[in-house]
Structure formats: structure tokens, C-alpha cells
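Since the structure comes first, as C-alpha cells, the remarks are kept for the end.
The values are calculated or read from the model by the stated rules, or taken from the named source; none is laboratory data. In this text, all values refer to a predicted model and were calculated from it rather than measured experimentally. As a convention, Cβ positions derive from the backbone with ideal geometry for all residues, glycine included, and neighbour counts pool all protein chains shown. Just the protein is used for accessible areas: all its heavy atoms, side chains included, with ligands, DNA and RNA removed. Shrake-Rupley method; radii C 1.70, N 1.55, O 1.52, S 1.80 Å.
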Amino acid sequence: MRIGIDLGGTKTEVIALSGQGVQLFRHRVDTPRNDYQGTVRTIAELVQLAETQTGERGSVGVGIPGTLSPFTRLVKNANSTWLNGQPLDKDLAHALQREVRIANDANCLAVSEAVDGAGAGQALVFAVIIGTGSGAGLAINGASRTGGNGVAGEWGHNPLPWMDADELRYREEVPCYCGLQGCIETFVSGTGFATDYQRLSGITRKGAEIVQLIDQQDPLAELTIGRYELRLAKSLAQVVNLLDPDVIVLGGGMSNVDRLYQTVPGLMKKWVFGRECETPVLKAQHGDSSGVRGAAWLWPLER
């Protein structure tokens, strides 16, 4: 049995999978925000609950909104900032009396979709989270690739490519939490989508409300989604130029906007070197459970 934990900023989820990937147990609780020791306890309690409910002992993988530094073995780059600087893998291993594998949550999405999701059977899967924030991860032959610095796939913290005049103004007006300006995350996250609508309309709305207005053919909402599609296409075209993945998989709240899968692939071609691009852009098959499933699959099948 494989146990996965998805440690989010507001919710922490556990899943237990059989060796065939069948869900045996799933449960979600509130994350103890700004409480590191409480977070460790919560994860340990969820693992114990999964094992009690299934009657089996399992391996444990954890997806986090950050990464383990390969140099210090401490958490870094987590927007759940109470994790930063902590030896989370060691503390969880002590609490659970076994090795625990940890990966970035976007890498877990990539693994999940590469193993038995939208990217199944593909050698190189690039998975993007476009939700409150925006990140990405790589799976190569079904395994997470973190890189020598632990930041492979940190697509959201590169600058938006080929900026036009308005995007240059946006860059100045909307700084990124990382301390830099013009990051892809500030444009193509759900937060960025809502921010752009507010700049155009002067009205603050949630992303889901704006999507409803698009369905009602509201002109400002339509303008906003058109700009969003172009920015996402440019950003993904840059990935094709660098990695040329076999498939791009989208997760997070904005991935539920179905028209993206009709518009974005065609828009990408203008920005791909040679103007040829047939890379599939697909919705995550496992939806909001993909990250927690990928955490479980950090322990791959033995061959």
C-alpha cells in the first residue's frame, strides 16, 4: 500500500492506494497554519488513520508547496512559510518510524498524471498548476525530476516572455511575492486572471464569477480570458522551446476552463521556434486528487 499526503496552505489530505492504484481511503483536514510541530503531528495522525482504516502499513510520500534543498535538506521556497528552514523529511521519518519521501506539489501532479493519468505512457510530462498560484513540475519516465538545485520545473517564477506594452505596465503594478517582477505566476494564476479583470473593469470579482460572465458573453470578461489565453500560450511555448515535452497537463482551478484546450494549443504555434507545435495540452485526469495521488506514487512500483 502507498500513502500520499498533499500538504496545502489550507487543507491537508491523505490517500491510500493499492498496488494497482485503486483508492482505498481518502480524508482531508484543516492545515494547522503557522504551526510547524502541529503540521508534523497532523501528517502523522493522517497516516495512522489511513493505516487503521485499511488494516495495512504503507510507504509514505508527501507533496509540499515548496521543495527540500539538496544542499541543506531543509524546506525552501514554500509559500506556507512556516515550513521554510525545517527538516520536514527527518521529522516525519522520526514521527512515523520509516523513510518519508517529499516532493514539490506540482511534481506530484506530474507523477500522478504520468503514472495513470492524462500523461500515462509518455516519457516527459510537464504538469502545470494554475490555481491561486502557479507552478509546474516534471516527470521523466514516471518519476519526479527535481534537479540539482531542487527547482526543476519552477516555471511560474520565470518572466512572462515576449511582453507587450500593457504587460510591461502590469509587471510594474503587480509585483510577485518572490521579490521579483513580471513572473509568469502573476499573469496566469487564477489570482492573476482576477487581477487583470479588476484592472480592466475596476471591479473586484472572483475567478469563478468572471468565468460565469464569459458564459454570458460579457465583453470585459471575454477580453480578460482572451488576454489570459495568449499569456498562457506564450508561457507554454517557452517550455516547448526548452524541453519539448510529450504532453502538457493542466491542474488547478483555471484548468477547469474548458475553452483553454481549444484555444491555447493553436496560439502556442506563433511562439514556438519554427512555428510548428502539436504538443497535447490536456486537463489533469485525476482532478483535485492528482497531487495527493502523485505523492503516493513517489514510491514507484518495483519492477
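Observations on the model:
- Selection status of Ile225, among the β-branched types (Val, Ile, Thr), in contact with a helix residue (DSSP H, G or I) (Cβ under 8 Å, 6 or more places away or on another chain), modelled with pLDDT of 95 or more and in a strand (DSSP E or B): no
- Sole residue being open to solvent by less than 60 Å² (accessible area, probe 1.4 Å) and either of a type outside the set (A, V, I, L, M) or touching a strand residue (DSSP E or B) at 6+ places or on another chain (Cβ under 7 Å) (or both), chosen from Asn158, Asn141, Asn149, Asn107: Asn107
- Residue within the stretch 14-22 that is touching a helix residue (DSSP H, G or I) at 6+ places or on another chain (Cβ under 7 Å) and assigned to a helix (DSSP H, G or I) present: no
- Yes/no for Gly226 being open to solvent by less than 50 Å² (accessible area, probe 1.4 Å) and under 20 Å from the mean Cα position of the chain (by Cα): no
- Residue check for Ile15: at pLDDT 95 or above, open to solvent by less than 20 Å² (accessible area, probe 1.4 Å) and in contact with a Gly (Cβ under 6 Å, 6 or more places away or on another chain): yes
- Candidate set from the stretch 66-78 (those that are in contact (Cβ under 8 Å) with a residue 60 or more places away in the chain and surrounded by 15 or more Cβ atoms within 10 Å (Cβ to Cβ)); member that is nearest to Cys176 (Cα to Cα): Asn77
- Subset of the stretch 161-170 [open to solvent by 80 Å² or more (accessible area, probe 1.4 Å) and farther than 17 Å from Trp271 by Cα]: Arg169
- Residues of the stretch 29-60 that turn out to be modelled with pLDDT under 95 and open to solvent by 60 Å² or more (accessible area, probe 1.4 Å), as a count: 3
- Count - residues of the stretch 182-206 that are touching a residue at least 60 places away in the same chain (Cβ under 8 Å) and farther than 14 Å from Gly131 by Cβ: 0
- Taken over the stretch 144-178, the residue count meeting the criterion of being of a type in the set (Val, Ile, Thr) and at pLDDT below 90 is 1.
- Test: residue in the stretch 85-103 that is of a type outside the set (Ser, Thr, Tyr), within 25 Å of Ala284 (Cα to Cα) and under 17 Å from the mean Cα position of the chain (by Cα): yes
- Some residue of the stretch 72-85 being in contact with a strand residue (DSSP E or B) (Cβ under 9 Å, 6 or more places away or on another chain) and farther than 15 Å from Gly150 by Cα: yes
- Hey, Val249 at pLDDT 95 or above, under 23 Å from Gln20 (Cα atoms) and surrounded by 23 or more Cβ atoms within 10 Å (Cβ to Cβ) or not: yes
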